[in-house]
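The structure under discussion appears below in the form of structure tokens.
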Amino acid sequence: MTLTEPETETTTTSQPLLSALNVSCVYAQAGQFGTLSRKRGVRAVDEVTVDVYQGETLAVVGESGCGKTTLSKLLLGLLPPSSGSIEYRGQDVRKLSRDQQQAFRKAVQVVFQDPLSSLNPRKQVRRILGDIVRLWGGKQSAEAINQRVQQVLREVELTPPRLFLERFPHELSGGQRQRVAIAKAIAVEPQLIVADEPLSALDVSVQGQIIELLRRLQAERGVGYVLISHDLEVVRTVADRVVVMYLGKVVESGSVQEVFDAPKHPYTRSLLASVLRADPRAAQERERALIAGEVPSLASIPTGCRFHPRCPVAVDHCKVTEPDATPTPETTHLVFCHRADEEGVVEQIEIPTL
Amino acid sequence: MSIQTHANGAATETSPLLDVRRLTVHLNVRGREVKAADGVDLHVSAGECVGLVGESGSGKTMVARSVVGLLPTVKLKRYDGDILLDGTNILGLRTKELRRARRGRVSMIFQEPTSYLNPTMRVGRQIAEALPKGAMRGNPTETIQGLLAQAGLPRGQGIERRYPHQLSGGMKQRAMIALALASDPKLLIADEPTTALDVTVQAQVLQTLRHLHEERGMAILLITHDFGVIAEMCERVYVMYAGEIVESADAVTLFEHPRHPYTRLLLDSLPGRRREREGQALKGSIPDLSMLGKGCRFMSRCPFARDACREDQPMRVRPNGQAVRCVLEDPDQSPSLNGLSVAEPGRHS
Amino acid sequence: MTADGPPLDEAATPLTEHLRDRLSGDGQALEAIEDVYSPPSYLHGARAWGKRFLRTKFGIVSLVLIVLLTGMAIFASPLSPYNPNLIVGPPLAPPFGHFLFGTDSVGRDTLSNFIYGARVSMLVGAASGLVALILGCVIGGLAGYLGRAADVVLMRIAELFMVIPSLILAVVVVALLGSQLLYIVLIIGFTLWPQEARIARSQFLTLRERDFVQGARVLGFKWPHIVFKEILPNAIAPVIVQVTLDAGSAILLEAGLSFLGLGDPSMPSWGKMLYDAQSYLTTSWWLSVFPGVGILFAVLAFNFLGHSLNEVMNPRAPRVSALSFGRRMVARPLTSSVRSGRTKSLPEGSVL
């Protein structure tokens, strides 16, 4: 495959690199007589709009069933949206020409949650990376490929590289595997990496190492991230912007400061209230406003605002209409809550001070 | 520590509910001897909530399983030490005696409730099976509902008639807690009870556990890798690394003045704390438990390693009760051999 | 360097974090540790597999049997004393005389027929297995990979073939086309392939959703690469095991067909020998026993091969040893017997 020339930078920073525009993804459920029914489907992602800009780290947070993994698959083009569209540099990814498709694939890469399943168990590291280099590098000698593979291994701090070339994935530790997964992504030299819970399967000490690696790669290469995570502490430290999802919808979004320091959605506040900090004194002192109940199943989504059954400040209106957010030019902070503008209402939900 | 007197004079004011001494578990894996746990000493007194924290490969799960007597025997290469449950040594007991020793004293809940609940049996019936024999005569439904309510599952919703697959993750975990409470244990061992749960559900379940701890006076041994959970729940903490206990202290002391380099580096690497001070990063990974030599097992990754570390390290107890398996008096005062500067605790960068 | 301080020990195998995720059951706990403690170059490479294969008891036995049988089939002409089709002696001569295996009802040497019979059996076993493998992989793989409509259609076809009794199919084909060996092989292959297809389909279905396959799509690989280089090598192991087991079935099927008179009349085969021996079952035992034993060993050989391949390729397969009857791994509490033998390790190779 020949390398397409990188697009000239006529795009300004105001145009997002990758966007999801009002996308929905409906998983069809079993209908009658063995058919698949869309009507009864599970709306894993429901009319979500997210923009990702060049070089930034956007975090998508939420609990199980919120649709963040489905959203990541939509952004990567692995799943077709049931409605809405995904745009790469302003162009619908389903309508790209062959060359543009290649450019899209080169620009957007992925790192998965489970490092073991993200590597072909029957391929050695050498081949895993070599196949990628060969695919994107055009005609090269075996020696050139080998050099490039070793270079990439050094970038992810797997040194000396020849120690790892011959190994199979099960012969590596979890942290090493995740580094190889990251190496796969950066071998293509992307502009954006969608990382779906890249730290969850790793030990605490290794998480720190991988976070540092990702940071370093961003600083050196200017690559952006879409970081899917449930770990709010990590998000707070590494992300620029945050999108909070609940049951397939975005409930709040904005910069990290806006969302974490002054969250306005009851769900976001409840999430922050539930975070356990590694500080026993704080645990004793704090009054915890714990949210009631659990995330309902996607098959039975509540009417109106999806959060209303668990919301401490819900009113009748919330059961009927889905909330909207009006973007204002002054702020990028979007809140999808009927009562967000009312004075002092959401503040009733206490969150721990930093 | 509450005073307990028993007919056989088992637990007294001074002896703890669970006393593990020199527990050693070596496994035979593919022909190699894996030292999963070595000389582990820990104790839990009545009414305490104690944490056992460690990463994967630290041996904490082996310890947990041993305490309840759930280790498969076939792969054991070496099994040594004493496990005193309320005064009775349960190591080496026959099945029936073991069951008798466990009943009413210790119960366990696990990480994945799905694996530990019978999928073909209604939840209420599973709890009924765990009740002591006398309970079935009275009004078992009342007892069962009461247990479920204590575990946070409200009455009147017919939960006891549901099958496990009809419950959400958090509810299944609560059902397992109710199951564990059925035998009215004095000690509950919780092995990663909330790891598989969502953040908000985790907070709820931990709150339930804490209520049970406070209202029933039930002791808890909480095994986890999550320091947040430890900080939230535990009064005392043991830190395990590569099969050994490397530090033990009460929770506040451990978090504010960790003395073992591993604990210190590990705490520093947590995202929440890293913003407070810059320290060295914890590099490398856990050593191969089948190829351990003499000396400190953390040496290869320790920035403070020195020659004295080549000898096996005992636990050194400090005046405040904190015990550390390390030659260093205070890592904060010792120059690091790698030439990196050591940050002082409490200073914000 | 990922490790500070002393140089990285090349022989040390690091632990993995996924141990934590898997410690939800006792058996699983130890399985997880097992996975983690594989020394480098434990599972990979044909050489390593070969070594492990030979270490299993089934492996050696099956290898010996297959070598013997294949050798007999290949070197049939130098080995057999007479031309199997020629009348060389008195009819129904008992064995262990001049004719080691005796002669049949018209005077043909049973031993020569036995030796040549191996050809047909081994050939049918291997060839039918191959047909089943290819058909099964292609159809099952397509069904699993494409999903939806293709899956439904292809699997209904597979079910159709599963339902057709092989004998009826054989009768029809033989009546229409004749009974050459090629047709026999195809008939048997067509009977067996649905099994492989089911396995291949389920493998493709699961592997298609695995992260490394999805990752390959994101990386820009095209579907031929994904199917043949990513999915197939991971999917094929259980299919191959099924094929070896089916090779045994193929031999039995061929024998059955020949026994019913549907086999290839020009080639000596064990089934045909049984067919000819029908009237003499009680009077001339050597006419039925020798070919029967031949079939037995051929089928066993393939079965053992399948079992040992399964042990080698599938780390989760139960280890079955012919010699010990399997002490299952149960979460037994530590009884006094274990406690008293504190430092005694369990015998190597204890079955779990």
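The values are calculated or read from the model by the stated rules, or taken from the named source; none is laboratory data. Predicted, not measured: the structure shown is a model, and the values here were computed from it. Here the Cβ positions follow ideal geometry from the backbone for every residue, glycine too, while neighbour counts run over all protein chains shown. Just the protein is used for accessible areas: all its heavy atoms, side chains included, with ligands, DNA and RNA removed. Shrake-Rupley method; radii C 1.70, N 1.55, O 1.52, S 1.80 Å.
Of note:
- Chain A, accessible area per residue, ligands and nucleic acids excluded (1.4 Å, Å²): 42 Å²
- Here the label points at B:Glu214 and A:Glu166, each 7 Å from Cα along the C-beta direction, are separated by 6.0 nm in the simple model.
- Alpha-carbon centroids, region A:133-212 and region B:196-267: separation in whole Å: 34 Å
- Taken one residue at a time, the phi angles of region A:81-98 give Karplus couplings (6.51, -1.76, 1.60, θ = phi - 60°) of x, 6, 8, x, 8, 10, 10, 10, 6, x, 10, 4, 5, 7, 10, 7, 6, 4 Hz. Gly and Pro are set to x.
- Shape of region A:157-232, Cα gyration tensor, a/c cut at 1.5: oblate
- Per-atom-type breakdown for region C:137-225 gives carbon and sulfur 71% of the accessible area (1.4 Å probe, protein chains only).
- GNM top mover of A:Glu143, A:Glu166, A:Glu47 - chain A, alpha-carbon springs below 10 Å: A:Glu143
- Sites B:Glu235 and B:Arg306 - FRET efficiency at Förster radius 51 Å, r taken between beta-carbons, to 0.05: 0.95
- Pairing chains A and B buries close to 3000 square angstrom of accessible surface in total, based on protein heavy atoms and a 1.4 angstrom probe.
- Theoretical FRET efficiency, 1/(1+(r/R0)^6), r = Cβ-Cβ of C:Tyr280 and C:Leu177, R0 22 Å, to 0.05: 0.10
- If you sort the three axes of the alpha carbon gyration tensor as a ≥ b ≥ c, you get a/c of 1.5 or more for region A:120-201 and a/b no higher than b/c, which makes it oblate.
- Mean sequence separation of contacting Cα pairs (under 8 Å, at least six apart), scaled by the length of chain B, corresponds to a relative contact order of 18 percent.
- Signed unit charges on C-beta, dipole axis of chain A, positive-most listed residue A:Val315, A:Leu217, A:Gly77: A:Gly77
- For A:Val111, distant residues with modelled amide H under 5 Å away: A:Val194, A:Ala195, A:Asp196
- For the set C:Lys57/C:Lys222; A:Lys123/C:Lys57; B:Lys35/B:Lys96, the pairs lying more than 31 angstrom apart at their alpha carbons are C:Lys57/C:Lys222.
- Placing unit charges on the Cβ atoms only, positive for Lys and Arg and negative for Asp and Glu, gives region B:128-190 a dipole magnitude near 60 debye about its Cα centre.
- Euclidean distance of C-alpha centroids, region B:27-54 and region C:178-209, integer Å: 51 Å
- Relative contact order of chain A: 19 percent, from C-alpha pairs under 8 Å at least 6 residues apart in sequence.
- Averaged over C:145-154, number of beta-carbon atoms from partner chains that fall within 10 Å: 0
- Calculated FRET efficiency for the pair C:Ile87/B:Ser183, C-beta based, R₀ 60 Å, to 0.05: 0.10
- From most to least packed by mean Cβ count within 10 Å, the peptides A:213-226, A:239-252 give A:239-252, A:213-226.
- Simple spin-label estimate for A:Thr159 and A:Glu212 gives 1.3 nm between the two label positions (7 Å along the Cα-to-Cβ direction from each Cα).
- Accessible area of B:Val252 in the full protein assembly, 1.4 Å probe (Å², nearest 10): 30 Å²
- Helix-only mean residue ellipticity at 222 nm for chain A, each DSSP H run of n ≥ 4 adding -39500 (n - 2.57), per residue, nearest 500: -9500 deg cm²/dmol
- 1.4 Å probe, heavy atoms, protein only - residues of region A:112-152 losing at least 20 Å² accessible area vs chain alone: A:Phe112, A:Leu116, A:Ser117, A:Asn120, A:Pro121, A:Arg122, A:Lys123, A:Arg127, A:Asp131, A:Ile132, A:Leu135
- Computed [θ] at 222 nm, helices only, for chain B once each DSSP H run of length n ≥ 4 contributes -39500 (n - 2.57): -7500 deg cm²/dmol
- Relative to the dominant Cα principal axis of chain B, helix B:140-150 is inclined by about 30°.
- Net dipole in debye of region A:233-354 [+1 Lys, Arg Cβ; -1 Asp, Glu Cβ; about Cα centre; nearest 20]: 420 debye
- Of the solvent-accessible surface of region B:67-183, computed with a 1.4 Å probe over protein heavy atoms with every protein chain present, carbon and sulfur atoms account for 49 percent.
- Across peptide A:62-75, the average count of Cβ atoms from other chains found within 10 Å of a residue's Cβ is 1.
- For the pair C and B, the buried accessible area comes to roughly 4300 Å² in total, with a 1.4 Å probe and the value rounded to the nearest 100.
- Pairwise burial C:A, computed as accessible area of each alone minus the pair, summed, 1.4 Å, Å²: 3500 Å²
- Split the accessible area of region A:301-354 by element, probe 1.4 Å, and carbon with sulfur accounts for 52%.
- Ranking B:Glu129, A:Glu155, B:Glu215 by solvent-accessible area of protein heavy atoms (1.4 Å probe, all protein chains present), from largest to smallest, gives B:Glu215, B:Glu129, A:Glu155.
- Averaged per residue, region C:163-307 has 42 square angstrom of accessible surface, using a 1.4 angstrom probe with ligands and nucleic acids left out.
- Residues of region B:186-200 that bury at least 50 Å² of accessible area when the other protein chains are present, relative to the chain alone (probe 1.4 Å, heavy atoms, ligands and nucleic acids excluded): B:Asp198, B:Val199, B:Thr200.
- Note on C:Leu169 and B:Val317: their simple-model spin labels are 7.7 nm apart, each label 7 Å out from Cα toward Cβ.
- Taking B:Met240, B:Met299, B:Met291 as the candidate residues, the one with maximal mean-square fluctuation in a Gaussian network model of chain B, Cα springs under 10 Å, is B:Met291.
- Summing Cβ point charges (Lys, Arg +1; Asp, Glu -1) relative to the Cα centre of region A:52-157 gives a dipole of roughly 520 debye.
- Legend: mean number of C-beta atoms from other chains within 10 angstrom of residue C-beta atoms, peptide A:205-213, equals 6.
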